[in-house]
């Protein structure tokens, strides 16, 4: 579930997920300034001829428009299209005994030569995305007033994650240290399945080090994606995340286990009414997972695990529970009564404009765990999110989060759909990116260099409030 202290990862869906246990120091963010503009997600049930547009793209990134498919590649229909996306960012040592050599400052499993013991590990490889200098190397601006060297609407960047809150978009942008996704596409059906192999932790100020754990199909099976060697089918992803669509669970009953089930039914119906599919849900104050043999799943909870943040009361009428071990409790730690029994919902719409030749989309099963320090698995665990399927595509990915921070007055947003009075993130428009596909011939040769996959994911009840994130990964 989208949760505090990250808060996707991502992946990792991000990383990413619904409400997760957080910190009892969470504070509500100020509501957005109301406007008269009515915002809505793009329709994806038809294939319009016009390319996608962006009304509010963080950082000034102009998405690459989808185009009409070109000549059909000559592809053996019996040959599988399998490839690996290694979206590792390039770092090298400056100074010291390992000057000029490759380093990795935040690798999940450190190796002897990952750091520069007597120098500095610096990111050294950037390139222009979009504009008239697309894909050419560039020097990253060192100060905010330094002009971006990429002209024509492009941006100098590398693989990155951006975070937006109700007040600021983006509030932070972080380079992704590295990771690897393996993709297998069926030659007969075009179905694509992806598996996360590794993901380096990302340091998010105020949240912690976000670790992304690969999840096997036996634990979570994601729906297959698609590969369009000749282009054509719409492979855009539009994600709508609503902090509350209604009440769930039984307030004050420590033995109630119905909250998540009620929320799931509500969320399925809500997404169907929007013409989309449910991808995640969660009733705050109930375990999504946890306990020995997952025995605490769906039970009432205050926290993810046995930490000092999970308050212990001497009052026998106050019920305190956690989802340890390895549990995921929807909502923030020690949530106030008004923030409990709230159903959060996420809907995904797939379709949109005609895709380009070689377009691909897929969902990656992963679990986000926030720790105090790297490497992953050795730092103290701050929170654990439930496993989730993170949607990624080479085409357009857009996301919006409404009813952010569970506002008391929902009259301005009775249906949870995007709008100026709907406590929306971002306040206007959507967060979106457009990736870059490659030809199927290149992918068959295991040459995924230059493939750009993008995605959106949200997190409810983080220590800095609800957040919406955008993932932008470039394969090396």
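Every read-out reported here was derived from the displayed coordinates using simple, explicitly stated rules and does not represent laboratory data. Keep in mind the model is a prediction, meaning the values are calculated, not measured. For neighbour counting, all protein chains shown are included, and Cβ atoms are generated from backbone atoms with ideal geometry for every residue, glycine included.
Taking other C-beta atoms within 10 Å as the exposure proxy, 133, 139 rank 139, 133 from fewest upward. Centroid-to-centroid, using Cα positions, region 239-296 and region 403-465 are 21 Å apart. Here, region 365-424 is characterised by an Rg to Rh ratio of 1.14, where Rg is the alpha-carbon radius of gyration and Rh the Kirkwood radius.
The stretch between residue 415 and residue 372, if pulled fully straight at 0.36 nm per residue, gains 11.7 nm over its current Cα-Cα span. What's the Kirkwood radius of region 391-442 in Å, using all Cα pairs? Taking the inverse mean of 1/r over all distinct Cα pairs, region 391-442 comes out at 12.9 Å. Legend: ranking of residues 237, 270, 286 from fewest to most surrounding C-beta atoms inside 10 Å; resulting order 270, 237, 286. Against the empirical curve 2.2 N^0.38 Å, the C-alpha radius of gyration of region 277-418 lands at a ratio of 1.26.
Can you give the Rg/Rh ratio of region 415-456, where Rg is from the C-alpha atoms and Rh is the Kirkwood radius?
1.31
Report the rotationally averaged projected area of region 349-397 based on its alpha-carbon convex hull, in square nanometres. Kindly include the intermediate steps, with their values, before the conclusion.
Values: hull surface 19.6 nm².
Result: a mean projected hull area of 4.9 nm².
Rg of the Cα atoms in region 327-371, relative to 2.2 N^0.38 Å, amounts to 1.89.
The calculated Kirkwood hydrodynamic radius for region 140-294 is 20.2 Å, given to one decimal from all distinct C-alpha pairs. Size of region 370-476: Rg and Dmax of its alpha carbons, in Å, are 17.9, 55.
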